[in-house]
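Q: Dropping a structure here in structure tokens format, bear with me for questions.
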Amino acid sequence: MNALGSIFPSTISVLAPLLPVALAGLATEYVGVLNIALEGLILLGGFTFVLVGSQAGATLGLLAAMIVAAATSWFSDRFAVKTKADPFVVGLGLNLLAPGIVSLVSQASFGTKGVVPVSQLATSRLFSSMEGLPAFIGTLVGHRQSDYLAIFFALLVALVLGTTPFGLRLRATGTNPDALRLAGLDPDRTRSQAFALSGLACGVSGAVLAAGIGAWVPNLSAGRGWIALVAIYLGGRRLGGTIVATAVFAMLMAAAGAGQAIPGAQADLLMALPYLLTACVVVIGSWLRRRPFWKRP
């Protein structure tokens, strides 16, 4: 398969761990407090998967990753509420704290702060014999079990956010909490539930990333939390828009990876392009918000 032809299958592999994170951030955006700590939660989820999975198996490792990330996210929100701290600052603090905690536990548990190979946790590819199928169907087969799991979980979260009473309560918390109180519901509790759901999704993403390479690698998240936040912004803070924006970013990242196979291509420059686009989107979006293009000077 040539470099161009590998972009679409690679997009699925890139999208699998990225989409749950974007929906994780969207869940908290619905309640009016965007979870900035996505990057740190991915790291905690990935390391917990390796730590527990290496001793108890992949299934328990995945459950532990989800629980630890969800509990951490829930606690960070409760801390911000109880202390009246800025949630943005609390989230940034968690992003800075998570790598340090992981390094200390990794040194104590594995004797290293670097790469921890766990080949027994690496997931196999499914339907590999069907990769020769033409067009769209061919891009959907031959991926790792963990990729299919992540996409399934992301679709489940999307259904919860878009079609259930819980998703409606999340949006009501962010837009009209007084109406929620009149209905006998607690907006603070709903907000905490949104953060817990956010942590669950990030835990799945971290576990999928670790399972995909069969190892714990420092900086496993590689900026995916920040890209997810921009995808929410670019998608207009809406479910459909966020999914489309995330898919676009995944395709760009896949194209950057495939482009490294082109002779003479600058690998470092290609890998930086998705992140450069992320920065451009933030700057342009901020400028448009301050000075809408439909208004004359």
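Q: State which residue is modelled with the lowest pLDDT when the search covers only the stretch 68-87 and only residues that are buried (at least 17 other Cβ atoms within 10 Å of the Cβ) and among the aliphatic types (A, V, I, L, M).
A: My answer is Ala80.
Q: Among the numbered criteria (1) part of a helix (DSSP H, G or I); (2) touching a residue at least 12 places away in the same chain (Cβ under 8 Å); (3) within 24 Å of Ala122 (Cβ to Cβ), which single criterion is violated by Thr246?
A: For Thr246, the failing item is (3).
Q: Starting from the stretch 93-111, take each residue that is within 14 Å of Ser221 (Cα to Cα) and free of Cβ contacts under 8 Å to residues at least 12 places away in the same chain and list its partners that are surrounded by 15 or more Cβ atoms within 10 Å (Cβ to Cβ) and not basic (Lys, Arg), counting only C-beta distances under 8 angstrom and pairs at least six apart or across chains.
A: Taking only residues 6 or more apart or on different chains, not a single pair turns up.
Q: Which members of the stretch 195-232 meet the condition of being closer than 22 Å to Ser76 by Cα, in a helix (DSSP H, G or I) and not small (Gly, Ala, Ser)?
A: Passing the criteria: Phe195, Leu197, Leu200, Cys202, Val204, Arg224, Trp226, Ile227, Leu229, Val230, Ile232.
Q: Could you please let me know if Gly132 is part of a loop (DSSP other than H, G, I, E, B), small (Gly, Ala, Ser), at pLDDT below 90 and surrounded by 11 or more Cβ atoms within 10 Å (Cβ to Cβ)?
A: The answer is no for Gly132.
Q: Which number in (1) in a helix (DSSP H, G or I); (2) surrounded by 15 or more Cβ atoms within 10 Å (Cβ to Cβ) marks the one condition that Leu34 misses?
A: (1)
Q: Could you pull out the residue among Leu168, Leu159, Leu149, Leu185 that is surrounded by fewer than 18 Cβ atoms within 10 Å (Cβ to Cβ) and within 30 Å of Arg125 (Cβ to Cβ)?
A: Just a single option satisfies the conditions, and that option is Leu159.
Q: Please enumerate the residues belonging to the stretch 179-203 that are within 19 Å of Ala69 (Cα to Cα) and without any contact (Cβ under 8 Å) to a residue 60 or more places away in the chain.
A: Correct list: Arg189, Gln193.
Results for (1) within 13 Å of the chain's Cα centre (by Cα); (2) without any contact (Cβ under 8 Å) to a residue 12 or more places away in the chain, shown as yes or no for each residue.
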| residue | (1), (2) |
| --- | --- |
| Ala24 | yes, no |
| Glu29 | no, no |
| Val33 | no, no |
| Val52 | no, no |
| Met66 | yes, no |
| Thr72 | no, no |
| Thr83 | no, yes |
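Q: Tell me which residues, restricted to the stretch 3-44, are within 16 Å of Gly203 (Cα to Cα) and charged (D, E, K, R).
A: Answer for the stretch 3-44, where residues must be within 16 Å of Gly203 (Cα to Cα) and charged (D, E, K, R): just Glu39.
Q: When you go through Gly142, Gly184 one by one, which is the residue that is in a loop (DSSP other than H, G, I, E, B), farther than 30 Å from Ala207 by Cβ and either at pLDDT below 90 or touching a strand residue (DSSP E or B) at 6+ places or on another chain (Cβ under 7 Å) (or both)?
A: None of the other options fit; the residue is Gly184.
Q: Now a separate question. Look through the stretch 213-260, keep the residues that are modelled with pLDDT of 85 or more and polar (S, T, N, Q), and return whichever of them is surrounded by the fewest Cβ atoms within 10 Å (Cβ to Cβ).
A: Asn219
Q: When the stretch 68-126 is examined, which residues are found to be farther than 27 Å from Arg144 by Cα, part of a helix (DSSP H, G or I) and of a type in the set (Val, Ile, Thr)?
A: Hits for the stretch 68-126 are Thr72, Val81, Thr83, Val89, Val90, Ile101, Val105.
The values are calculated or read from the model by the stated rules, or taken from the named source; none is laboratory data. None of the values given here were measured: they were computed from a predicted structure. As a convention, Cβ positions derive from the backbone with ideal geometry for all residues, glycine included, and neighbour counts pool all protein chains shown.
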